[in-house]
Ligand SMILES: NC(=O)c1ccc[n+]([C@@H]2O[C@H](COP(=O)([O-])OP(=O)(O)OC[C@H]3O[C@@H](n4cnc5c(N)ncnc54)[C@H](O)[C@@H]3O)[C@@H](O)[C@H]2O)c1
């Protein structure tokens, strides 16, 4: 069957990753269009990646009959509107994490895609990261006995674009930006079972000048079967991206360090081009990675989504997945605001963004 034709919304960091990942699977899919509002950006992105069509307004791209599926790599606050517009235009949607900013938006996105008969696919690449997939396969085989603790951490020196630091555009800080991965990971690893409660400790340790959001986050998830998920995030770790997991059962354990564990311990007095995401320097001791996108699982994720569009595979990460994560994020921010465990289901109404539940604990206290 012919390749799935993709239109990318956005033309910077994650857009580059998606374009490269699609190119890595040329037999399954291709990028046929890109839309980005800043003058000239869509054109230069299209030129760089060999994409035939460039638009400055994503709504124009949605009228392009060649586009079957869009990939949203725009700031979080735009995810819901772009998804709803795309669904109405009959396009399948791959939405980057986090799914959106509010639970009402999540419902509206799921609803719009259902009504339009298009897929809403949630881009959680950790479900496809080869090391993490291997860890889950071993756990599912029983290698570790009953798994009672799963940890995931993602830490770096802070986001590259201003909008991440502006909670009105992002919805929250390190927990919203990075913790969404760890929450999804623990939930997936433990078999997508219900989360009973969430406890979170959040703080702003080093960035009061840049953000009202959290730059350090620890969240503890209690699952229905008693197992624990622990998610650790930071925007205060220089030296390059750190993404790792630990899995513990009564019969064994496994550890995986996605980046440093797949890198070349390297010393250079003069430096070189690129080591790893968010590393400020390549001089001295560094950990240059290879096959970075593959190690994260991005090409495998996009291949799975393309196959879902062709009906060859069933989504393992969809709008409902993104909504589960959004609910836990809300509960975690409320927990930090209230300084106590929050039970799920947690469906606060009228909350403009998750971080408000931490910054204004009275909002969290008013929720029954
Ligand atoms: N899965 C991952 O690991 C991962 C990694 C990075 C980013 N992301 C997610 O991807 C999204 C984008 O992040 P990024 O790092 O690429 O940000 P970025 O700031 O590098 O790029 C954002 C892009 O969105 C475009 N944009 C802004 N307003 C727009 C509009 N109205 N219509 C279309 N495009 C618009 C900007 O022009 C820019 O090209 C975020 O939701 C982020 O959380 C996911």
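The values are calculated or read from the model by the stated rules, or taken from the named source; none is laboratory data. Remember, it's a predicted structure, so these values are computed and weren't measured experimentally. Here the Cβ positions follow ideal geometry from the backbone for every residue, glycine too, while neighbour counts run over all protein chains shown.
Some points to look at:
- Listing of strands (runs of 3 or more DSSP E) fully contained in the range 99-205 that carry 2 or more residues being within 23 Å of residue 298 (Cα to Cα): 120-123, 147-155
- Options 166, 162; residue that is free of Cβ contacts under 8 Å to residues at least 24 places away in the same chain, within 20 Å of residue 96 (Cβ to Cβ), surrounded by fewer than 20 Cβ atoms within 10 Å (Cβ to Cβ) and within 16 Å of the ligand (Cβ to nearest atom): 162
- Residue match in the range 344-354 (condition: touching a strand residue (DSSP E or B) at 6+ places or on another chain (Cβ under 6 Å) and surrounded by 21 or more Cβ atoms within 10 Å (Cβ to Cβ)): no
- Looking across the range 87-114, the residues that are under 23 Å from residue 313 (Cβ atoms) and free of Cβ contacts under 8 Å to residues at least 60 places away in the same chain come down to 87, 90, 93, 112, 114.
- Filtering the range 104-112 for residues that are more than 30 Å from residue 310 (Cβ to Cβ), surrounded by fewer than 19 Cβ atoms within 10 Å (Cβ to Cβ), modelled with pLDDT of 95 or more and away from the ligand (no atom under 16 Å from the Cβ) leaves a non-empty set.
- Put simply, of 303, 323, 347 the only residue that is in contact with a helix residue (DSSP H, G or I) (Cβ under 8 Å, 6 or more places away or on another chain) and in a helix (DSSP H, G or I) is 323.
- Residues in the range 138-152 that are surrounded by fewer than 22 Cβ atoms within 10 Å (Cβ to Cβ) and within 30 Å of residue 210 (Cα to Cα): 151 alone.
- Scope the range 274-288; condition more than 17 Å from residue 161 (Cα to Cα) and part of a loop (DSSP other than H, G, I, E, B); matching residues: 274, 275, 276, 281, 282, 283, 287, 288
- Matching strands (runs of 3 or more DSSP E) fully within the range 1-90 where at least 1 residues are away from the ligand (no atom under 11 Å from the Cβ) and farther than 30 Å from residue 278 by Cβ: 4-9, 29-35, 53-55
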